[in-house]
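Following: one structure in structure tokens, then a few remarks.
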Amino acid sequence: MVTLAKNAGFCFGVKRAAEMTERLMEEPDLRIFTLGDLIHNRTYLATLAERGVRSVGFDQAEEIARSTETEGPAALVIRAHGIPREENERLTELSEKYPGFRVYDMTCPNVKRIHTIAAENTGDDTVFFLYGSPDHPEPVGIMSYAKGEKAIFTDEDELIELLKHTDLTGKRLVFASQTTQNLLLWKKTQKIIQKLYTNSIFFDTICSVTENRQTEAIALAERSDCMIVIGSRESSNTRHLFDLCSKRCPETYLIESVDQLPDVPRIPGYRTSITAGASTPGGIITEVFQAMEEKLELESFEEMLNDSLKTLHTGETVTGIVTAIDANGIYLDLGIKQTGFIAADQLSVETDKVNPAEMFKIGDEVKAFVIRVNDGEGMVTLSKKRVDADKSWITIEEAYNDGTILEGKVTEIVKGGLVIGIDKHSIFIPASHSGVPKDGDLNVLLGTTQRFKLIELDDTRKRALGSIRIVKRAERAEAEAALWSTLEVGQRFKGTVKNLTSYGAFVDIGGIDGMVHNSELSWKRIKHPSQVVSVGQEIEVYIKELDPEKKRISLGYKTEDMDVFSVFAANHNEGDVVSAKIVSIMPFGAFAEVADGVDGLIHISRLSREKVAKPEDVVSIGQVVDVKITEIDRENRKLGLSIRAIEEEKARAEEAVAREAEKAEREAAEKAEAEEKAAERAEMEKYISGVID
């Protein structure tokens, strides 16, 4: 039986954007562009590309606008996800400047509503939290409208960490969600936060179409043996649909087209349901649905043939006598015309490889579960491990009811999670409960023994879901409590950078996260912590402040040997002349950088020997000048610089040279005069001497 969800395919916003683009394609000689991929569906995008529609980035918009003056009109379609406010404003300017450049804003009205919420409900007294995917275009656009402090979280754990390390004193907390997020997690988040922070404001911004789609998909998954979700892995709402369904129906498949349709077992009554993401065209949905129906119609004919032969019923438990054994399995006499067969992989759940001859002998009595009455060769297909699993189910139920922590080996990595074998039963662990970070490689757990707790039980289908993450979280909490009792201000740790935010870095110091604010990462101003550290890097930190009640740790990282000012001051003295670059100009003077990260002030009175009306009259940003260090204030980390002092010294030196030259000239003249007088005296004496003679 195949069931197609009523709420599948294009949502209003996507349909609106697609229809506008298709209408524009009817206009002759109109070049059509979309700002980013119009929807997350490669098949549909390929169709648009074949018809000349190009997907471009925002950085190409101005070039396209200018080209309308030489190449004719162009249309730019803004997709349903929306764009940042700054980009929207710039596109409006371009469309006004270039009449041939037409911009069609197809941002979904529901997304526009969140833009308004963010703009009108945030400010200096708020912290805005958005439940969404940081790299998705919709949240990127939403966050550009929010004022004041803001942050994005992807799950409850990340939100709790953000709250733990964010100063919320005197702040109102404003919460909203990306339109396509997980509805159940959003509601759970609201309950948690409303208990902790009574001044929180929540805006329910998950689209009603998304809500209906998810609710219907959950209901279908809970009563289906196989769930097919049609859509792109790049689509946020499609991924959430897949996650929701896979938690309730392990046999859940995410496909993009009919070519990826999975094989479904030929079991009477096997229930298959189909849903699709908001970016999936109706034609693809219809194609998949019809292909599945045709497939099952062929199988139903075979089932009718089987029904005419069988004397047993699928799902029954039967007892038979072993009549033959080979490497492939064992054969049973069931007391009917057909022979029963248990394949080797259906004999036991305890080992991957079994030897039927070592486990059984001719004449043994074996109880087995009927999988299929006729396998096409007159055999009844049976399973012994299904019977064993039913016996172990009581143990599983008790562990679930008591909240017992179980331990088992990871035997298989499957779509959407992993499988742990325990007490002859297979427990499914969804990827989100594996303890492996989102989009991480689950294969690192294959073959390892893991502790887990059961979180869901389906008695009807004998299926159980477990969580490794819950156990790890509890163990982490215990480790944190033990570590908190030993912490003191000033303690030093070798920590690992866990993640980066706009305002600092979170560092794991052995089971507890502390935050190093940007101001503590470097002695010079930085815009982002990535300028100093990277995720996974080991760094030496020390505790600056502790708040055990709020579970907050403020860490320090910068040290004296990292202080570029101290290094500069240690190697220079007042009176030294250094080269400096003008980095900013103020009414009272100019700031000049004398070393990387070290700058000083050249007061307006010290810019020149001449009177200066405005600093920019004598210096410009980027200009390199020689300055004299007139003051080193180590306590306040300030430098006083002067160009005038150098000019005055130069002038004094020039005056001294001039005085020396003048003195030398005067002395030379005096000497010449003296020599002349001496010569005259000698002549006179010679004359007088001649007269006397």
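Quick note: the coordinates plus some simple rules give every number you see, no bench work behind them. Since the structure is predicted, the reported quantities are computational estimates derived from the model, not experimental observations. Glycine gets a Cβ as well: all are built from the backbone with ideal geometry, and neighbour counts include every protein chain shown.
Which log10 I(q)/I(0) values does the stretch 390-462 give at q = 0.22, 0.27 Å⁻¹ under the Debye formula, counting every alpha carbon as one identical point scatterer?
-0.99, -1.35
So for the stretch 41-81, considering every pair of alpha-carbon atoms, how many percent are separated by more than 14 Å?
Tail of the P(r) past 14 Å holds 58 percent of the pairs.
As a footprinting exposure proxy, order S579, S383, S236 by other Cβ within 10 Å, with the fewest listed first.
The order, fewest Cβ neighbours first, is S579, S383, S236.
Quick one: divide the alpha-carbon radius of gyration of the stretch 504-575 by 2.2 N^0.38 Å and tell me what you get.
The stretch 504-575 yields a ratio of 1.30.
With a Förster radius of 35 Å, plug the Cβ-Cβ distance of E456 and Q190 into 1/(1 + (r/R0)^6) and report the FRET value to the nearest 0.05.
FRET efficiency, E456 to Q190: 0.95.
How big is the Rg/Rh ratio for the stretch 9-164, C-alpha atoms only, Rh by Kirkwood, two decimals?
Rg divided by Rh gives 1.03.
In Å and whole numbers, how far do the C-alpha atoms of the stretch 128-250 stretch along each principal axis, longest first?
Principal extents (largest minus smallest coordinate, Cα): 51, 30, 23 Å.
With the Cα gyration tensor of the stretch 577-693 in hand, give its eigenvalues times 5 under a square root as the equivalent ellipsoid semi-axes, listed largest first in whole angstrom.
Semi-axes, largest first: 60, 13, 10 Å.
For the stretch 517-619, just the Cα atoms, rotate onto the principal axes and tell me the three extents in Å, largest first.
60, 29, 24
What is the Cα coordinate range of the stretch 16-84 on the first, second and third principal axes, sorted by size from largest, in whole angstrom?
Here the Cα extents, ordered largest to smallest, are 33, 30, 18 Å.
Taking the Cα centre as origin and putting +1 on Lys and Arg beta-carbons and -1 on Asp and Glu beta-carbons, what dipole magnitude results for the chain, to the nearest 20 debye?
2420
Between K650 and K498, what is the spin-label point distance in nm, taking each point 7 Å from the Cα along the Cα→C-beta axis?
With each label point 7 Å from Cα toward Cβ, the separation is 5.7 nm.
Just to confirm the number: angle between the C-alpha axis of helix 208-222 and the first principal axis of the chain, 0 to 90 degrees, nearest 10?
40
For the stretch 106-119, what does the Karplus curve 6.51 cos²θ - 1.76 cosθ + 1.60, with θ = phi - 60°, yield as ³J(HN,Hα) per residue in whole Hz, taken in order and with x for Gly and Pro?
Once rounded to whole Hz, the list reads 9, 4, 4, x, 5, 6, 4, 4, 5, 4, 5, 4, 5, 6.
Once each part is reduced to its C-alpha centroid, what is the distance from the stretch 382-420 to the stretch 544-612 in angstrom?
Between the Cα centre of the stretch 382-420 and that of the stretch 544-612, the gap is 64 Å.
In percent, what relative contact order does the chain have, based on Cα pairs under 8 Å that are 6 or more apart in sequence?
Computed value for the chain: 7 percent relative contact order.
Could you work out the per residue convex hull volume over the alpha carbons of the stretch 100-142, in cubic angstrom?
Spelled out: Cα convex hull of the stretch 100-142, divided by residues, is 108 Å³.
Let me see the P(r) profile for the stretch 376-521: every Cα-Cα distance counted, bins of 5 Å, each bin given as a percent of all pairs.
Pair shares across the bins are 2, 8, 14, 15, 14, 12, 10, 8, 7, 4, 2, 2, 1, 1, 0, 0.
Work out, step by step, the length gained on full extension between E616 and I336: first 0.36 nm times the residue separation, then minus their alpha carbon distance; give nm to one decimal.
Value of the extension gain: 90.3 nm.
Across the Cα atoms of the stretch 59-140, what radius of gyration and what greatest pairwise Cα-Cα distance (Dmax) are found, in Å?
Here Rg and the maximum Cα pair distance are 15.3, 50 Å.
Taking Rh as the Kirkwood radius computed over C-alpha pairs, what is the Stokes-Einstein D of the chain at 25 °C in a medium of viscosity 0.890 mPa s, expressed in µm² per second?
Result for D is 75 µm²/s.
Under the Karplus relation 6.51 cos²θ - 1.76 cosθ + 1.60, θ = phi - 60°, what is the ordered set of whole-Hz ³J(HN,Hα) values for the stretch 682-689, x standing for Gly and Pro?
5, 5, 5, 4, 5, 5, 4, 4
Which length gain, in nm to one decimal place, applies between H313 and A46 when the Cα-Cα distance is subtracted from 0.36 nm times their residue separation?
91.3 nm
With θ taken as phi - 60° and the coefficients 6.51, -1.76 and 1.60, list the Karplus ³J(HN,Hα) couplings across the stretch 598-605 in order, rounded to whole Hz; mark glycine and proline as x.
Couplings: 10, 9, x, 9, 9, 4, 4, 6 Hz.
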